[in-house]
Number of protein chains: 2
Amino acid sequence: MTDGPGGAPKPGMSPTFPTAASTDDLERGSTLAPRFDGDGLIAAVATHADTGEVLMLAWMNAEALQRTLDTGEAHYFSRSRQALWKKGETSGQIQQITEIRIDCDQDAVWLKVRPQGDGGACHTGQRSCFYRVVEDGKLVTR
Amino acid sequence: MTDGPGGAPKPGMSPTFPTAASTDDLERGSTLAPRFDGDGLIAAVATHADTGEVLMLAWMNAEALQRTLDTGEAHYFSRSRQALWKKGETSGQIQQITEIRIDCDQDAVWLKVRPQGDGGACHTGQRSCFYRVVEDGKLVTR
């Protein structure tokens, strides 16, 4: 972490979001007051801005959400690596945000994105991470 | 919990799902091997089977997932109430499943559903829980 003078948040410093004062504020207000869970995360679902297909589901901490809002490109938090993660940084599958929505109790966000690079979102090479259907208790790819 | 002889899972007994033997099995196999988190939950996103709209994001424990598979109607686990929850049981907004998908690392499911009752999914009266867009850091309902 740098220790320079103020301005932009320093790397590693977590941005803070307000807390809703009441359930009514949370559900009907105009204040973005995300409710991060005990691990400091909220769920984020990304759909393709053009096709509507669900591409992936991942998690964001406050920093990932703030960077997503600031840059217009999706940032997540990797639970396995415990690290901030800009989608596409290595794969080229940058997700340009066209819209961000938040749910009633502000513990989940919905990103409409336009994937760059090869147009996919999954590290397996599939376009969407949800490439398998559950049929009779088994998984079928299609 | 009852202590009777075997057969169908007893109320309160958690069904068990297999664990994938390898990353390859997890990502490319045909075995449903959901990876529940430390709280025993996976994320579930529900979209409208006809419009594709994201309706809600919630959580499932093993029992909720098994009941969803068995009944064709969405069951979730309420983190706030720490209880199994059949969607629509009181509101009438039963979610009939048309398709269930699971993601690459099997820690999230995507349900395509047809909401019954008034056709909505949100307790606020909105059709989708994601009725607010983040614009310039503020929430706008539309």
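The values are calculated or read from the model by the stated rules, or taken from the named source; none is laboratory data. All figures in this text were calculated on a predicted structure; none of them were measured in a lab. Here Cβ is always computed from backbone atoms with ideal geometry, including for glycine, and neighbour counts include all displayed protein chains.
Scanning the range A:61-80 for residues that are more than 9 Å from chain B (Cβ to nearest Cβ) and either without any contact (Cβ under 8 Å) to a residue 40 or more places away in the chain or within 29 Å of B:Asp50 (Cβ to Cβ) (or both) yields A:Ala64, A:Arg67, A:Asp70, A:Thr71, A:Gly72, A:Glu73, A:Ala74, A:His75, A:Tyr76, A:Phe77, A:Ser78. Residues that are touching a His at 6+ places or on another chain (Cβ under 7 Å) and over 19 Å from A:Gly125 (Cα atoms) within the range A:67-103 comprise A:Arg67, A:Thr68, A:Leu84, listed in sequence order. Against the test of being in a strand (DSSP E or B) and either more than 13 Å from the chain's Cα centre (by Cα) or not basic (Lys, Arg) (or both), the options A:Leu57, A:Leu69, A:Leu65 yield a single qualifying residue, A:Leu57.
Looking at A:Asp39, A:Asp105, which one is in contact with a helix residue (DSSP H, G or I) (Cβ under 7 Å, 6 or more places away or on another chain) and either more than 10 Å from chain B (Cβ to nearest Cβ) or surrounded by fewer than 19 Cβ atoms within 10 Å (Cβ to Cβ) (or both)? First the steps, then the outcome.
Values: A:Asp39 fails: in contact with a helix residue (DSSP H, G or I) (Cβ under 7 Å, 6 or more places away or on another chain).
Result: A:Asp105 is the single residue among A:Asp39, A:Asp105 that is in contact with a helix residue (DSSP H, G or I) (Cβ under 7 Å, 6 or more places away or on another chain) and either more than 10 Å from chain B (Cβ to nearest Cβ) or surrounded by fewer than 19 Cβ atoms within 10 Å (Cβ to Cβ) (or both).
Tally time: how many residues in the range B:89-102 are surrounded by fewer than 21 Cβ atoms within 10 Å (Cβ to Cβ) and more than 8 Å from every other protein chain (Cβ to nearest Cβ)? Count: 8.
Looking at B:Ala64, B:Ala46, can you tell me which residue is in contact with a Phe, Trp or Tyr (Cβ under 6 Å, 6 or more places away or on another chain) and modelled with pLDDT of 95 or more? Talk me through it step by step, then tell me what you get.
Values: B:Ala46 fails: in contact with a Phe, Trp or Tyr (Cβ under 6 Å, 6 or more places away or on another chain).
Testing whether each residue is in contact with a Phe, Trp or Tyr (Cβ under 6 Å, 6 or more places away or on another chain) and modelled with pLDDT of 95 or more leaves just B:Ala64.
Out of the residues in the range B:108-142 that are of a type outside the set (Val, Ile, Thr), in contact with a Lys or Arg (Cβ under 6 Å, 6 or more places away or on another chain) and at the interface with chain A (Cβ under 8 Å from one of its Cβ atoms), which is nearest to A:Ala62 (Cα to Cα)? Residue satisfying both the conditions and the ranking: B:Leu139.
Tell me, yes or no, whether the range A:12-31 has at least one residue that is touching a Pro at 6+ places or on another chain (Cβ under 9 Å), surrounded by 15 or more Cβ atoms within 10 Å (Cβ to Cβ), at pLDDT 95 or above and not aromatic (Phe, Trp, Tyr). Yes: the range A:12-31 contains one or more residues that are touching a Pro at 6+ places or on another chain (Cβ under 9 Å), surrounded by 15 or more Cβ atoms within 10 Å (Cβ to Cβ), at pLDDT 95 or above and not aromatic (Phe, Trp, Tyr).
For B:Val54, the criteria (1) farther than 16 Å from A:Arg132 by Cβ; (2) modelled with pLDDT of 95 or more; (3) more than 10 Å from chain A (Cβ to nearest Cβ) hold in every case but one, which is (3).
Only one of A:Thr31, A:Thr98, A:Thr90, A:Thr47 is free of Cβ contacts under 8 Å to residues at least 12 places away in the same chain and among the hydroxyl-bearing types (Ser, Thr, Tyr). Can you tell me which? None of the others qualify; the one that does is A:Thr90.
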